[in-house]
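In what follows, a single structure is set out as structure tokens and then discussed.
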Amino acid sequence: PRFAASSASKTSIWPIAATLLFFAVVWLEVINHLKAEWSLNPQYGYGWSVPIIVLYLIWKRWPERPSPSPPASSLLPALTTLFCAFLFFPIRLLAEANPDWRLLSWSVAVIAVTISLCLIFIVGGWPWVRYFAFPFLFFLVAVPWPMRFEQGVTQDLMRAVSAINVTLVNAIGIPAVQHGNVIEISSGLIGIEEACSGVRSLQATLMISLFLGDLFTFKIWPRLILVAAGAMLAFFCNVIRTTVLVWIGAKHGPTAIEGWHDPAGLTILIVCLVGLWGLGLIMRRWPNEVVRSRVIDDKYRPLRLAGSLPLVVSLIAWLLAVEAGVQLWYRLHQSRITDSRWAVQWPSSQSGYKSVPIAPETESLLRYSEGGGASWHGQDGRPWVMYFFRWLPGRTAALFVKIHRPDICLPASGMTMVRDNGIHLLTVNGVNLPVRSYRFDDHGAPLHIFYCYWDARSSYENSKAAEEEDWTAWGRVRTALRGRREMGAQMLEVAVWNYDNEAEASAALQRQLASIIQSG
């Protein structure tokens, strides 16, 4: 009998090891896809803690797991797992060329959750799926929100916080006027940015409230109360925070805010955590805890794991083959691309030329390799402002510049966009630049913005270069099919005031760029 037990133990090691390896490969692929947002976007910096919390929740559940009840047939979950694994190939192919496409982030995360729950179903049946579903679904709080939804929430919250701040500071005797998400006080302008809007703390608080709801083993309604309380607490704390910052700016000048900005943000997160923890302890006294089952038979079900070993091994081999194939595809196409990078020469000889400092928040968000800003006056006296940033080759070269375009950011500062004139190919000193032009109303003054996002992978081999800035779904797919992943990028943005029409502004831009753009 001892020999038989020892033999069974040995044979169960390999299925367990293969299953754990498969889970590791799948979830490391998801983390690898999301790490850029977690590292470069402060709004999702909390994402690094989510995998650790997921592992803790699984470990916490494991001793009290219910008795496994494997299904009579594993055909359907096995086919579902194979189908989801197959989807990894097109998603990885697209993601390599479009690391900023959040639809892919949600796709790869949902596929990983589905595969994980299918394997859990094969091993333990519905009791295990219901019991272990939350930790895997909890991971989705670390996936960036869809861009349009996030921008809508961000802009609405920034305006709401600004409006409340203006009311509060006026009530305490500080004159203030709202311009979009910018507050004008006697000492200058104070912008209510994403960090102050409450979105960043709102998302982190959502993660905390969901975690505490499971930690306290609450039923569904107490968990929903925790989530709602967290959202209201985060918004209230951000209103208090921004009001204090505006008061500091009014008393000591806008530059005094920089020293208080980050400490105030950290204080809010701590207050939200302590407040939710205290609320959870109070709610724990209610009769709402979930009664969890305990193990009443075999822990590992080695025969069931052994039966799934061929499936798991095949899936591991497939995922490794997908990664190798994707890398080979882009390497083959990358060798055919020639880099036609261009540079700028700052117009320091122009009248009234001066450098424009880049805010520390902007630097930390864009993470550019080099760049800066400048302002000057043209020969006709009209004011010009230019920003230029460069990202060296890398998978996350310009991950966030696409979501901070003029049509997104300037309306939040109180300007009104009159029209988007689309992209036109502008040739300057032998360099083809796809320039998108906008017209804004800057409090009664006409403002023309010229924006060029230049991707080094698009070598501008022909006159169709203007089509390269295509961030539609089909445009992104076409980029992947051409094997063009990010190889570095450059962004040029030029603004000029007081031209009555687009033709005059475009002609003036051409003259200015003739002395600014340098090929090679």
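The values are calculated or read from the model by the stated rules, or taken from the named source; none is laboratory data. None of these values were measured; they are calculated from a predicted model. Heads up, the Cβs are rebuilt from the backbone with ideal geometry, glycines too, and the neighbour counts pull from every protein chain shown. Please note that ligands, DNA and RNA were not included when accessible areas were found on the heavy atoms of the full protein model with its side chains. Shrake-Rupley method; radii C 1.70, N 1.55, O 1.52, S 1.80 Å.
Kindly list, by first and then second residue, each pair from a residue in the range 31-52 that is closer than 14 Å to residue 141 by Cα to a residue that is among the charged types (D, E, K, R) and crowded, with 16+ Cβ neighbours inside 10 Å, limited to pairs with Cβ atoms under 6 Å and residues at least 6 apart or on different chains.
The qualifying pairs are 43/200; 44/37.
Does residue 232 count as at pLDDT 80 or above, assigned to a helix (DSSP H, G or I) and in contact with a Phe, Trp or Tyr (Cβ under 7 Å, 6 or more places away or on another chain)?
Here the answer is no, as residue 232 does not meet what is asked.
Cβ contacts < 8 Å: first residue touching a residue at least 40 places away in the same chain (Cβ under 8 Å), restricted to the range 222-249; second residue of a type in the set (Phe, Trp, Tyr) and open to solvent by less than 30 Å² (accessible area, probe 1.4 Å), any location; separation 6+ or different chain. Result?
Listed pairs, sorted by first residue: 222/216; 226/218.
Go over the candidates 159, 92 one by one and state the one that is at pLDDT 90 or above, closer than 30 Å to residue 405 by Cβ and either of a type outside the set (Ser, Thr, Tyr) or surrounded by fewer than 17 Cβ atoms within 10 Å (Cβ to Cβ) (or both).
From the options 159, 92, the qualifying one is 92.
Is it fair to say residue 130 is assigned to a helix (DSSP H, G or I), among the charged types (D, E, K, R) and under 30 Å from residue 176 (Cα atoms)?
So residue 130 does not fit the description; no.
Working only within the range 344-360, note down all residues that are in a loop (DSSP other than H, G, I, E, B) and either within 19 Å of residue 514 (Cβ to Cβ) or in contact (Cβ under 8 Å) with a residue 40 or more places away in the chain (or both).
345, 346, 347, 348, 349, 350
If a residue must be charged (D, E, K, R), in a helix (DSSP H, G or I) and more than 29 Å from residue 148 (Cβ to Cβ), how many such residues does the range 63-122 contain?
So the answer is 1.
Residue 125 fails exactly one of the following numbered conditions: (1) more than 17 Å from the chain's Cα centre (by Cα); (2) on the phi < 0 side of the Ramachandran plot. What is the number of that condition?
(2)
Would you confirm whether or not the range 14-29 contains a residue that is open to solvent by less than 40 Å² (accessible area, probe 1.4 Å), among the hydroxyl-bearing types (Ser, Thr, Tyr) and out of contact with any Pro (no Cβ under 9 Å at 6 or more places or on another chain)?
For the range 14-29, residues open to solvent by less than 40 Å² (accessible area, probe 1.4 Å), among the hydroxyl-bearing types (Ser, Thr, Tyr) and out of contact with any Pro (no Cβ under 9 Å at 6 or more places or on another chain): present.
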